[in-house]
Ligand code: NAD
């Protein structure tokens, strides 16, 4: 058996090599993404492992199938960039990695929340300028606060465990209730109740058409004055203009954003200087001492990257050998 892996980054390569050695299966690592210009390299392989934001086009998928490759394993969760018609037409089986390390995301959420509460950004700036005074930057303590967690899936639950460790009171909202958390009585029935009670709101829901810009002017208006917002979920959940207005008015005391609605093509790029970042709204946010922007790095840990590579390879082997895998995606 031989597998080809596209878009392999330097940080992924050691985990791929280790897996190949342990399993005794040949894996060809290709740095380029899978497209019309690289697909021919897959000839002679039994399966392909991939990860990219650019589309997996019908032309590419037709070609893979014509080479006899019917096993495609994504190293990430989302499959919206895969041409579904071409998948069905060619009977290609596709897997994803639905959970590679919920803790990776939850730990960044908690880290950034603590940085906001302890005003570390402000103190870093003051200290760099020789200002070693305390006032007026007095901190809040998480154990005195109520954290409202929106969505109690894998990441939301990992975040709850960490926030609990700090002694925070937790309330949560989800369209489906987790039975264990239900027993603890932490769910509120409506978002409005969560907005009214939470000192911190930690967002962990997927983005759908229905909840696009769920944090808009109206939602911010229902939140407590001085609320802290943590969003390591999806940029589309937050109306950026409304957030800027809420920061300007002081309604929102601080925000930690690992995602941004216009992040594609901007995050994970080196522009060479701050001024060269081609997005004025993003620069407006980054410049604020009470806003912490990170370029979608929550998943970027050794554990998560290792799992993304090795889970995808394991799934690819199952597709090739058995024609099925528990992470198979329905199209
Ligand atoms: P999951 O599928 O385990 O859980 C999602 C939860 O959201 C479920 O409990 C579901 O019932 C709930 N939900 C769905 N729609 C909802 C709505 N409208 N309101 C409230 N709850 C709703 O997902 P997960 O693995 O916990 O991922 C959560 C989010 O984190 C996703 O948006 C995902 O894209 C994002 N994510 C970000 C990174 C990063 O690097 N920043 C990495 C992985 C995942």
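The values are calculated or read from the model by the stated rules, or taken from the named source; none is laboratory data. Since the model is a prediction, treat every value here as computed from it, not as a measurement. Please note: Cβ atoms are built from the backbone with ideal geometry, for glycine as well, and neighbour counts cover all protein chains shown.
Laid out as a table, the results:
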item: Check on residue 244, modelled with pLDDT of 95 or more and within 15 Å of the ligand (Cβ to nearest atom); result: no
item: Enumeration of residues in segment 288-320 that are touching a strand residue (DSSP E or B) at 6+ places or on another chain (Cβ under 7 Å) and either more than 21 Å from residue 101 (Cα to Cα) or within 16 Å of the ligand (Cβ to nearest atom) (or both); result: 290, 291, 292, 293, 312, 319, 320
item: Residue check for residue 164: surrounded by 14 or more Cβ atoms within 10 Å (Cβ to Cβ) and free of Cβ contacts under 8 Å to residues at least 12 places away in the same chain; result: yes
item: Members of segment 118-141 found to be closer than 14 Å to residue 227 by Cα and in contact with a helix residue (DSSP H, G or I) (Cβ under 6 Å, 6 or more places away or on another chain), listed by number; result: 139, 140
item: Residue 158 at pLDDT below 95 and crowded, with 16+ Cβ neighbours inside 10 Å; result: no
item: Qualifying residue in segment 252-266 (condition: over 26 Å from residue 118 (Cα atoms) and away from the ligand (no atom under 16 Å from the Cβ)); result: yes
item: Residues of segment 210-222 satisfying the condition of being farther than 11 Å from residue 150 by Cβ and within 11 Å of the ligand (Cβ to nearest atom); result: 210, 212
item: Residue that is touching a residue at least 60 places away in the same chain (Cβ under 8 Å), within 23 Å of the chain's Cα centre (by Cα), under 20 Å from residue 281 (Cβ atoms) and buried (at least 18 other Cβ atoms within 10 Å of the Cβ), where the choices are 219, 256; result: 256
item: Single condition residue 229 does not satisfy, out of (1) within 21 Å of the chain's Cα centre (by Cα); (2) loosely packed, with under 15 Cβ neighbours inside 10 Å; (3) within 16 Å of the ligand (Cβ to nearest atom); result: (2)
